[in-house]
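Derivation of every value follows stated rules applied to the coordinates shown; laboratory data play no part. The structure presented is a predicted model; accordingly, all values stated were derived computationally and were not measured. Glycine also receives a Cβ, built like all others from the backbone with ideal geometry; neighbour counts cover every protein chain displayed.
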Amino acid sequence: ILNVEQSPQSLHVQEGDSTNFTCSFPSSNFYALHWYRWETAKSPEALFVMTLNGDEKKKGRISATLNTKEGYSYLYIKGSQPEDSATYLCAFISSGSARQLTFGSGTQLTVLP
Amino acid sequence: DAMVIQNPRYQVTQFGKPVTLSCSQTLNHNVMYWYQQKSSQAPKLLFHYYDKDFNNEADTPDNFQSRRPNTSFCFLDIRSPGLGDAAMYLCATSGRLAQTSTDTQYFGPGTRLTVL
């Protein structure tokens with residue numbers, strides 16, 4: 001069983017604040033990391049897939065970085081808006097002969113107006 | 001337009017009464033997955049189909065079965081639901097196997113199962 005941890009479990013920020021949270025994963029046998037956003041009552045939707053150490057991806061006000069050597073990825077949201085309120089999930093895929101896809105338990109973000 | 005549809009969105013069943021959850025997709029993807037997510041926990045992969053090939057995760061209980069009659073539809077059958085099976089069940093699809101590619105998974109909105 002692979003250990004994929006996300007922190008914090010939840011956070012509240014004020015509209016306009018910037019925020020970030022972390023996905024930690026095993027630093028060995030890395031293949032890929034996905035970030036998903038899951039708004040209440042909707043389907044989880046893909047944000048980024050990251051494969052290379054040092055990768056930085058950006059989509060509007062949301063960006064992500066990847067450090068495979070130390071086993072973490074950061075997700076940043078600049079100038080949070082109420083519509084950013086959602087659970088953010090990361091999914092780690094291991095390399096090797098027995099590939100595994102393991103989700104973290106998510107960070108629940110609430111942006112207060 | 002919805003691409004992965006799950007019905008029903010909410011399902012209530014009784015302890016021990018078989019229940020079936022359904023998933024359909026309009027993406028013509030080869031792979032369909034079923035996940036179980038209990039409150040505040042990580043989604044846990046139960047099994048997946050690659051075309052007609054069924055792949056069960058090692059720790060998925062025998063109580064959970066799946067059927068894929070065609071490319072578009074996949075069903076999750078819980079033969080004798082217990083109180084511990086109450087959860088959100090997510091269906092997802094991808095063109096190539098997510099475990100061995102960088103393909104994104106497309107999710108449905110989930111079915112929340114309550115067991116009385």
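Structure data summary
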quantity	calculated
Qualifying trypsin sites (Lys or Arg not before Pro) for the stretch B:8-68 [loop in DSSP, other Cβ within 10 Å: at most 14]	B:Arg9, B:Lys38, B:Lys52
Entries in A:Lys59/B:Lys38; A:Lys57/A:Lys78; A:Lys42/A:Lys69; A:Lys58/B:Lys38 that, when Cα-Cα distance is taken, lie over 22 Å	A:Lys59/B:Lys38; A:Lys42/A:Lys69; A:Lys58/B:Lys38
Percent of beta bridges antiparallel (DSSP, chain A, rounded to nearest 5)	90
Sequence ranges B:84-94, A:56-66, ranked by mean other-Cβ count within 10 angstrom, highest first	B:84-94, A:56-66
Inter-label distance, nm, simple model (7 Å from Cα along the C-beta direction), B:Ser80/B:Ser22	2.7
Extension gain from A:Lys57 to A:Ser7, taking 0.36 nm per residue of separation minus the Cα-Cα distance	16.0 nm
Nitroxide proxy distance, nm - points 7 Å out along Cα→Cβ at A:Ser95 and A:Glu15	4.5
Residue-averaged beta-carbon neighbours from other chains (10 angstrom radius) around A:86-94	2
For chain B, with +1 on Lys and Arg beta carbons and -1 on Asp and Glu, the positive-most of B:Cys23, B:Val12, B:Tyr106 along the dipole	B:Val12
Residues whose placed amide H lies under 5 Å from that of B:Ala87, excluding near-sequence neighbours	B:Leu113
Extent along principal axes [Cα atoms of chain A; Å; largest to smallest]	47, 28, 20
The stretch A:3-113 - charge dipole about Cα centre, Lys and Arg +1 at Cβ, Asp and Glu -1, debye rounded to 20	280
The protein assembly as shown - charge dipole about Cα centre, Lys and Arg +1 at Cβ, Asp and Glu -1, debye rounded to 20	280
